[in-house]
1. Output the relative contact order of chain B, whole-number percent, from Cα pairs under 8 angstrom with separation of 6+ residues.
2. Sticking with the crude label model, points 7 Å out along Cα→Cβ, report the distance from B:N373 to A:A244 in nm, one decimal please.
3. Using alpha-carbon positions, what is the distance between the centroids of the range B:228-255 and the range B:14-52, in Å?
4. Rg and Dmax of the range A:1-87, Cα atoms, in Å?
5. Listing A:L249, B:L405, A:L471 from the residue with the fewest other Cβ atoms within 10 Å to the one with the most, what is the order?
6. For a bin width of 20 Å, list the pair-distance distribution of chain B built from all Cα-Cα distances, rounded to whole %.
7. Would you please report the Å³ per residue occupied by the convex hull of the alpha carbon atoms in the range B:265-369?
8. With contacts defined as alpha carbon pairs under 8 Å and 6 or more residues apart, what's the relative contact order of the range B:435-492 in percent?
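Only the coordinates and a few stated rules stand behind these numbers; no lab work does. All values derive from a computational prediction rather than experimental measurement. Ideal geometry is used to build each Cβ from the backbone, glycine not excepted, and the neighbour counts take in all protein chains shown.
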Amino acid sequence: MSALLRAGATELAGLIASGEVSAREVTAAHLDQIAAVDDRVKAFLHVDGERALASADAVDAKRAAGEKLGPLAGVPLAMKDIFTMQGAPTTCGSRILEGWMPPYNSTITDKLLAADVIVLGKTNMDEFAMGSSTENSGYFATHNPWDNALIPGGSGGGSAAALAAFEAPLAIGTDTGGSIRQPASVTGTVGVKPTYGGTSRYGVVAMASSLDTPGPCARNVRDAALLHSVIGGWDPRDSTSINAPLPDLLGAVERADVAGMRIGVVTEFGGEGYQPGVEQRFSEALAVLEQLGAQIVEVSCPNFEYALAAYYLIMPSEVSSNLARFDAMRYGLRVGDDGVNSVEEVMNLTRGAGFGAEAKRRIIIGTYALSSGYYDAYYGSAQKVRTLIKRDFDAAFDKVDVLVSPTTPTTAFPIGERVDDPLAMYKADLCTIPSNLAGNCALSLPVGLSPDNGLPVGFQVMAPVLADDRLYRIGAALEAELNRNWGASLLDQFADSPAGAYLNVGSIR
Amino acid sequence: MSLMEFDDALVAFDPVLGLEVHVELNTASKMFCGCANAFGAEPNTQTCPVCLGLPGSLPVVNARAIESAIRIGLALNCDIAQWCRFARKNYFYPDMTKDFQTSQYDEPIAFDGFVDLEVDGEVFHIEIERAHMEEDAGKLVHSGFTGRIGDADYSLVDYNRAGTPLIEIVTRPIRGTGAKAPQVAKAYVSYLRDLMLALGVSDVRMEQGSLRCDANVSLMPKGETELGLRTETKNVNSLRSIERALNYEIRRQAALLAEGGRVHQETRHWHEEGYTTPGRSKEQAEDYRYFPEPDLVPVAPSREWVEQLRGTLPEVPAVRRARLQETWGFTDLEMQDAVNGGALDVIEATVAAGATPQSARKWWLTELARRANEAGVELAELAITPSQVAAVQALVDAGTVNDKLARQVIEGVLAGEGTPAEVVGARGLAVVSDDGALTAAVERAIEANPDVAERIREGKLAAAGALIGAVMRDMRGQADAARVRELILARLG
């Protein structure tokens, strides 16, 4: 059983396709793991074991009948609770959507089902994807599998924690300012923010439409590439999706070669506010890349300094509009409908009760930023900064193939540490936000444990729009070399250690 | 409410108009989703996640609606944007599924146009500020006697209309209309209605709301140049109401200003009984927090496409009418009948198929108008084509059938019995001009009516009518009456 939990998605898909194990066995093993550890980790908001097993049986029947299987047939997946799926609730971690059963599938849900993926359930998240710790969930906080007193990152903390706790080999998330990459970084997993428009947003509940990017989460680079190739591509139902073929991501993983590549280190990301252990592991990873034949150069992106400020105007502006529809009229929570209160009063009472503090903060900031008389100074200026950041990327990519940085300035921090300090919380996304503003792609992969505290450190690779294959080419090369040096992946090492014994996934040694 | 006499109001003040016209497009599907765009279906049956604004759903622009918007813009002599975006207009209301309306704000698809209108021989140049695209909201139905939201116990909402494509056409302030202000407004909306019909982009049924006009008016004391505070009158659902509502507002505002009061800048509601009441106050301008719609990519119509669409524009209705009237030689009254009868297209096609304008007019406005009216359909929907009508007239001209028989031919064609020639053959309707058969019938008629024959022999030629009638009856109407007359006179003369 534990071997099935340790296995990656690519491996499981192979085992199931060849008939060595059944999809039911694989699914049951993961459901058992959820039952065993999720009381501590709290990665899932909703698990539907019956449905997952029925889907697994369908895959087994398909295989028995000799029918063609999808590329991820029988592989379990944890779905961030922001993707709609018929028959499963979608809450976005918010009380205002408690109990809402969407009547339609997101495009990505359809693609996953067409690939014969087994959806185990919906994972916890900061309310409407607003946060960097999953503490803003309207239901409960998720705990970092490495140390249950720590945050698992956010907003996709549930998806990342599910991977790190071996509850699922694959997960999907959405990345608006770092919500895939930062959780990957602090949980020792791999997370990719694809090129904006490279993955469909149809059926993904919007936080900030011009920034939201669905993407793959996995325990290794190859699995992320496999999942990315399943969920990616043009969708006529999303006007902002790009009508262009997906680059050859699995080919890039095969190639895994960085010789001659020019890698730019963003000089603005480091120094004050960056944990020394994070900077140390980041530098060591650069040395590994150099040793593999890459050319490392320093690149300045002067406007990245203003990215956080611009982001916290553009994102809340869109939030204030996107979250307007939760008005108690058609679905979700309704408060104060006593036959006396007016429509406006019911809307006010419902929104007051249903939204958490962070959602309200952003609605208020966004409403203010878009107000007449303030629009130019706030939203307008922020859009100009956004253009400058795009130009920084363009200029950098004229000189180098990719840019790199730490994914987030620190390792996982304690639950509760930053809840009363929004600015400190926002800084967790300092390095990830520029790629959201510019729409290019980026990946985070683990490059070691911080010597300060023994917690995972993430390394971010940023590539130009539609050059997602470069992320995988470099990520696969670096991952392979590090694993060779370490003898086992960080997560496997952790599972083998006393601290990871509660995960009960055996020993690979 | 005190009102000033209209003529007195115009002595003291110059009215300034501003007209906002919403046109519902008749595209097969809605503005941003694939739902049917049709009036009158069961409530909430033409909806989907997109037009219901369900969380996660996304809009995609209907290319056909863009095409209609561009054609409307071109027909209004507007410039067409090289690049424009949709914007979100944010406000909470239960008929809004997303609590924002996807519209256009500072980047309309069409702008800077004009139309020239003729009212009683005077030409008015109306400047069009913009024509922009937007979506309609759902429809609220309030319970209770008044049907207004404040008095209702509950309200129902039908989202079938949510997402219907609309074009909003906005004029610049229209000055210098003087006492003709209400007529100019009516003529403008009438012009737009005809233009939309000619473009084929909308049903423009004011009573169903597929063409709606918000009429803004303010008064400027004579000799001043600064605009006064305006009111915006809504719920004006017919051409006549536009004229009446503006007449009323001018008189109401004039009375207010003359007494030293001030006009409240507000929305007013028109009542068919002949007055307006205040609606939403616009003193505190609502802040819609417009910003570019991030879910939609910009619309950038290529110049080639725009020029191609320009090539599809119909002739401006007023120009076409003048041209046809001159070509056809119709009197003003005849032309007016043809226009009101919706017969211009069919008459034009019938003339093109060889009929004279007068014969085409006669058939379409009498016999065929009657039949269309009985069947409750438009002329063009009748089961007879303009070329068939021309063929019927050709049969009359050739003497094959007379007028009465021609009506039977038309009846046969409408009944699906074939072409006019086939109906003549199948029903045996051709006029008999064979002298042998006619002479025998004349003999029978003289034999049966000896006293009539005697009177004719005595030179009372007027009596011949009775014998002709008898012959026609004998021949079941299929005789050439002129020839019968000749034969009778030859036999008895």
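1. 14
2. Output for this residue pair reads 6.5 nm.
3. If we compute the Cα centre of each part, the gap is 25 Å.
4. In order Rg, Dmax, the Cα atoms of the range A:1-87 give 13.2, 41 Å.
5. Placing the least packed residue first, the sequence is B:L405, A:L249, A:L471.
6. Per 20 Å bin, starting at 0, the Cα pair percentages come out as 18, 40, 24, 14, 3.
7. Normalising the Cα hull of the range B:265-369 by residue number yields 259 Å³.
8. 37
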